[in-house]
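*Asks:* Before I ask anything, here is the structure I am working with.
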Amino acid sequence: MNLFRGSLRRENTEAEKVLWAHLRAKRFKGYKFRRQYPIGNYIVDFACIENKLIVEVDGGQHNESAIASSDMQRTAWLNEKGYHLMRFWNNEVLKNTDSVLESIWEALNENSPSL
């Protein structure tokens, strides 16, 4: 899995690069996000473990029925483990970055751990 994870880190899409520039190194309002993070048998694009929030950035291949079905199973498993998963299309991240970041901010506030 580590080799696969390494290749995912090296082969980011442009949308993933744009989003990571905002999320990395606690730049996003102090929240720590991890990139290409393994959870169970899955590797998620971005994860804020503290808030159990996962952000996925998808390309057009996720419209294909086999991949869409796999995505649904993956989402169900992650939800069962207590994670909230958000999905954004590549073009959405590239064209509406501020809107995507606002949605992530809202989800972080909804999923804040209890003190």
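The values are calculated or read from the model by the stated rules, or taken from the named source; none is laboratory data. This structure is a prediction, so every number in the text was calculated from the model and none was measured. Ideal geometry is used to build each Cβ from the backbone, glycine not excepted, and the neighbour counts take in all protein chains shown. Ligands, DNA and RNA are excluded from the accessible area calculation, which covers all protein heavy atoms including side chains. Shrake-Rupley method; radii C 1.70, N 1.55, O 1.52, S 1.80 Å.
*Asks:* If you go through the stretch 94-108 one residue at a time, how many are assigned to a helix (DSSP H, G or I) and either open to solvent by 30 Å² or more (accessible area, probe 1.4 Å) or over 15 Å from Ala21 (Cα atoms) (or both)?
*Replies:* Residues flagged as assigned to a helix (DSSP H, G or I) and either open to solvent by 30 Å² or more (accessible area, probe 1.4 Å) or over 15 Å from Ala21 (Cα atoms) (or both) within the stretch 94-108 amount to 10.
*Asks:* Are any residues in the stretch 93-110 at pLDDT 95 or above and among the polar types (S, T, N, Q), and if so, which ones?
*Replies:* Scanning the stretch 93-110 gives Asn96, Thr97, Ser99, Ser103.
*Asks:* Give me a count of the residues in the stretch 59-92 that are modelled with pLDDT of 80 or more, of a type in the set (A, V, I, L, M, F, W, C) and surrounded by 13 or more Cβ atoms within 10 Å (Cβ to Cβ). Before you say what the answer is, go through the steps one by one.
*Replies:* From the stretch 59-92, those modelled with pLDDT of 80 or more are 59, 70-92; that's our starting set.
Among the residues that remain, those that are also of a type in the set (A, V, I, L, M, F, W, C) are: 72, 76-78, 85-86, 88-89.
Still in the running and surrounded by 13 or more Cβ atoms within 10 Å (Cβ to Cβ): 77-78, 85-86, 88-89.
Residues meeting the conditions: 6.
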